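Engineer: Submitted below is the structure of interest, expressed as structure tokens.
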């Protein structure tokens, strides 16, 4: 992340391998067991972790907990207003898809046995969208989840000694814009990208999810490899930022 | 509002006729034509005004504009999580009712002729709820609307000389708690109130909406009068705060 | 109601403070525990009270009963046909709002402890609409409710000695039309009213609900006071008519 | 219908081939182009005919009109309350099926060319149900349709000389109860019937629809023939009653 | 079916009283308890019988089983594509009506006592539609049901000695095309038919359901009789084909 | 694909890098512009391509065509029956996600300019599911699309000389089962896989979509590389099979 002589290529002055400014504001909500306002540049997502005792019916008696997520966007999060999904009476495909992705990503680092028969629901509401909302949501949701788990241990709902979170998890977008692989795309780059990839990686560097899409131009193995390198660089940095944010103790 | 010797009656240390701390953060969203994060104590509502040219089909050719509102609450705005209305597939009665109230309240001060065939949609999303979400929404939405109208004049969509807003509008809750009429109820008072009233008043002191409800004990005319007095005191103060917030020019 | 020399002001020949002809036809349905066809002039609402043992899940074990209401309008109740809400697949905001209002109004006079763990659902279906459908619905629903409670006592579901209804309840609309406050507005006045208010009052004269709206012109305190006076005059008269209607014993 | 010595077989004292008391109250609604409250004993259906100029998009330019129907039941039309379809958010299969049947039955006697590009919607709302609601609805809807067509001719929307209705149409239920074929079944017979048949017949005696169902015991050709004989006897009588009801001129 | 010198009247070369080629492919699905791909000429319906232990809540403890059906059509089963009902979010009236018809038809030959508290759901999905989809569905569903019942006896879920199916059941369409009664109408005849009738008949020749509709021209008793004769001829032949198809033992 | 001495590892006798038997039955539907029943072992998907002139409103006047897809599963495609999405009234997240994936995959090889303002909808209905339904759907849908494009050229809707399809596209699943990377997973392997990946590749070997998920154990870069190698081997083989299937000319 220190390629000295690289020409400044991007509209916002960043180097290709540079993240936007990332901020975590923990404890944004007074009553949620965990809550974080996460910002990736202009993208702002409010992640609330609701911890409840008990699990859905199909999981009862298993001794295992459950972690799930719901993603949504406020109507004016985007530059032009979209209709509310509650008004339309149905959730769109994109919303469903991202909610499922966030849930899977978090479950990959949760020891459901250690969690016990408890449920954590992560609500990720995009207040302002400037690209990378799903990756910001995953990255912020992990921090909210960590706070909710800490809350559960403090209050004794989960025995203090247990390791519920086996690892941390973060996500970032990468893409090829005008032939150059770039990290953490804002909206203006996102719409021009030939290839778009979202990568979810654990704190220890293992892949949880790799989703690469080439609606415009199919990509080759070399490009795929370069994008994966860039992504891992980004999630490494995000893992450090998450760790720093959580270092302060209870919010 | 300076009754020196009054016994401090309320849990949060306020006098019966005192508002919670009210804050308006204008320009909270980068791209909305008007946006305000309004706070009444712990209640936080993000109000976004979306200004678009054109009107709904049934109003075309009338030469008049349209102002409408949608109210919603994030699932974890409250102390326990509620299901999303988008997931349930239908909007609840309370949501509908409040959305309609906000729209009517704003239209009461808008000169739709002066607005011309343009539409402003006010999205009021409750990020955190601690009582009085509808009154905070109306009060904040007016500020967002004022910014959107100013934007329309700056950009020439509406001729600069026109007076689109005939007056300002604000709202506050009042109620009788343990026999005492109180102003601007937080959640803990709201649930204990025998009578609950929401009052919407213009900057010049005229009523736009009066909604008083007594699910527990019907109230008499004297109580009604005292509540109305208290409410008008509150909305006067809110009108001044709105005016100060808007004094800074464009956000 | 005895202003002798007042000029006849209204299209249908009524004085400003005069109700339309009000009729209650009890026992309109053969099998409902209580049922009333209520008419306020051309407005006709069929109110059916369904009494069932047991309460909704969230109220079980409380020892308290539950009273709720559903309001709806037949498609051709109005002068032009409206789409059915069942066909559109969702209930509109106005329908929800009125259903909730009717329920709250009735609960204000019900002693839920005395009712015991029983539920009464009031279905108020507007067969013909000529203004004031919600106030007619509340006024008629009270009579149907009284019949259902009497049925429950006759059949022993509720012990005969208990006072389930602490008071009666009735509702009326008032409004300012061409500068004059008028009582019980038919449709032609309703659409021209500058201010529109619905007031729900108990038999003993206490307010249950006050809903005043000024979409066109905000109103001042003096107008509000005059409207309240007029409304109370109307609900007093309605309370007497309810009482007379119920004097006949079982329908 | 004059079998003198026949043993009185039915619970309500009717002979097997006797209709219940049938009543048509025309002009039940003030503003509908045609409206009839039809009663077959305790079954009461409000039939409203809404005449509008123009046809659905798929029929535009054809020179032909359209006639359609919607059937529904109030929640307390039956002896125990049913949920509203508007609240459930979807129309049940039975409702759909009957709406379609009524529409088809009426279209069978309408000359859509003579109707011109106009639409008539028949709303058939069951206020009280005691068996045979769909047959009462068809029989009443025809009368409401006739009134709406007369209205259209009076007002000149349809040229006065045209014959829009080629014939009348009526419907009746027949069934086998305890081995005996009976006409026009009330609810208590309906639930015990081994075979249930609804027959729609024109004034001139031709079949429009024959729907026979044997959920319990399949039936043979002889039984089918006897049921058809009985049905035609009933619809003949209904056609005469319709004709008498319409003889009075405009309602 | 042996009218030697009859003029070949129909577009596909069939005599008026001739069925299209009928084929049953049993065991089309690997895991369903019973499954048949039934073909009536170009009409192809996949019928799957799902046998599960237990009954719906309202039938629990009755000792009786339950048989129900769901009919649906793939979007491109027809010559032009239709929207999916899942995408539209609601099931159309026609779909509901046919699902209910199939369920009733099968229940007419099932001894629910002998079935015990078990449920069989018949899914009839039209893969290609060329007229007569509902009659093919009933005819095929019976074969799938027979296989599911045989499976239940083989596996001991239902005691081997019991007679669950009291009879077989099949269905066919008949209609009057250009004045001639014809059997088993393909799409091209169906759209031109003056009268359309679907008849469901047991293997022993009793009627389960008779549904005759005359949207264009009402029909008289003589026509009705000829259509019924033709239909019974068709269902007799179908009953034999069902029996031959089932003669092979387990699929 | 001919590693002679490899130990036979899989339940169905396949080598790790071996596809199941793949079959394309073109022209399965009589009237669709393109249709294929594709089978990957026990997985059977009916792919129907509906070609219509014109494009959705938002694309009008662009000179470009549109290709989209809808995926669905019959209720008894799986070993236990699932509820229909049409009956539930909403489409699940998984269905949405796969429909979108199929659409994107096909658009990646379509020259929408060459297609002109025409639309092709690909309906992929899973008749029987044994793992890999989405990859079979993509692979089959390409063949149906190719047939629909050929139809459009034959009939002159698209000028014969244009190259609408720039390449072919196929998809396959790969996963790690018991530590071994395997190709084209049937259901029994799918549920046991630690990592599951779906890869969509063009005929010339470029990636269109890479979706790797590790709900159980995050995977490292080396595993990812091995899975990608295996996938490309599989899609190469599928591209050849598609090409052979299409070699026969019109179905």
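The values are calculated or read from the model by the stated rules, or taken from the named source; none is laboratory data. Everything numeric in this text was worked out from a predicted model, so none of it was measured. Using ideal geometry, Cβ is built from the backbone for each residue, glycine included, and neighbour counts are taken over all protein chains shown.
Engineer: Just one of A:72, A:11, A:77 is under 25 Å from residue A:234 (Cα atoms), at pLDDT 95 or above and either touching a helix residue (DSSP H, G or I) at 6+ places or on another chain (Cβ under 7 Å) or within 14 Å of chain F (Cβ to nearest Cβ) (or both); which is it?
Structural biologist: A:72
Engineer: For segment C:13-40, how many residues meet the condition of being closer than 12 Å to residue D:128 by Cβ and within 18 Å of the chain's Cα centre (by Cα)?
Structural biologist: The total comes to 4.
Engineer: So which residues in segment A:60-74 are crowded, with 21+ Cβ neighbours inside 10 Å and part of a loop (DSSP other than H, G, I, E, B)?
Structural biologist: A:65, A:74 - these are the residues of segment A:60-74 that are crowded, with 21+ Cβ neighbours inside 10 Å and part of a loop (DSSP other than H, G, I, E, B).
Engineer: Would you check if residue A:191 is more than 23 Å from residue F:221 (Cα to Cα), buried (at least 21 other Cβ atoms within 10 Å of the Cβ) and more than 14 Å from chain F (Cβ to nearest Cβ)?
Structural biologist: No; evaluated as a whole, the condition is false for this residue.
Engineer: Taking only segment C:201-251 into account, find how many residues are farther than 23 Å from residue B:102 by Cβ and part of a loop (DSSP other than H, G, I, E, B).
Structural biologist: Qualifying residue count, segment C:201-251: 9.
Engineer: Take residue E:39 and tell me if it is out of contact with any helix residue (DSSP H, G or I) (no Cβ under 7 Å at 6 or more places or on another chain), away from chain D (no Cβ under 14 Å) and either over 25 Å from residue F:33 (Cα atoms) or not in a strand (DSSP E or B) (or both).
Structural biologist: The answer is no for residue E:39.
Engineer: Another question about this same structure. Over 30 Å from residue E:118 (Cβ atoms) and within 9 Å of chain D (Cβ to nearest Cβ): which single residue out of E:216, E:233, E:211 fits that description?
Structural biologist: E:216
Engineer: Would you say residue A:201 is at pLDDT 95 or above, within 14 Å of chain F (Cβ to nearest Cβ) and either over 28 Å from residue A:115 (Cα atoms) or touching a helix residue (DSSP H, G or I) at 6+ places or on another chain (Cβ under 8 Å) (or both)?
Structural biologist: Judged against the criteria, residue A:201 is a match.
Engineer: From C:52, C:78, C:25, which residue is surrounded by fewer than 20 Cβ atoms within 10 Å (Cβ to Cβ) and free of Cβ contacts under 8 Å to residues at least 24 places away in the same chain?
Structural biologist: Matching residue, one of C:52, C:78, C:25: C:25.
Engineer: Can you spot a residue in segment A:144-167 that is within 22 Å of residue A:245 (Cα to Cα), touching a helix residue (DSSP H, G or I) at 6+ places or on another chain (Cβ under 7 Å) and within 11 Å of another protein chain (Cβ to nearest Cβ)?
Structural biologist: No: zero hits.
Engineer: Report, by residue number, each residue of segment D:96-118 that is touching a strand residue (DSSP E or B) at 6+ places or on another chain (Cβ under 6 Å) and either farther than 25 Å from residue E:88 by Cβ or more than 8 Å from every other protein chain (Cβ to nearest Cβ) (or both).
Structural biologist: The answer is D:98, D:102, D:103, D:105, D:106, D:108, D:109, D:110, D:118.
Engineer: Kindly indicate the residue of segment E:194-227 that is over 15 Å from the mean Cα position of the chain (by Cα) and touching a residue at least 40 places away in the same chain (Cβ under 8 Å) and also nearest to residue E:183 (Cα to Cα) among those meeting that condition.
Structural biologist: E:227
Engineer: Taking the condition more than 24 Å from residue F:49 (Cα to Cα) and within 12 Å of another protein chain (Cβ to nearest Cβ), does residue E:82 pass?
Structural biologist: Considered against the rule, which asks whether it is more than 24 Å from residue F:49 (Cα to Cα) and within 12 Å of another protein chain (Cβ to nearest Cβ), residue E:82 comes out as no.
Engineer: May I pose another question? Report whether or not residue D:126 is in contact with a helix residue (DSSP H, G or I) (Cβ under 7 Å, 6 or more places away or on another chain) and away from chain E (no Cβ under 14 Å).
Structural biologist: yes
Engineer: Within segment C:100-118, can you find the residues that are over 17 Å from residue C:146 (Cβ atoms) and touching a residue at least 60 places away in the same chain (Cβ under 8 Å)?
Structural biologist: Once the filter is applied, which keeps residues that are over 17 Å from residue C:146 (Cβ atoms) and touching a residue at least 60 places away in the same chain (Cβ under 8 Å), segment C:100-118 yields C:101, C:104, C:117.
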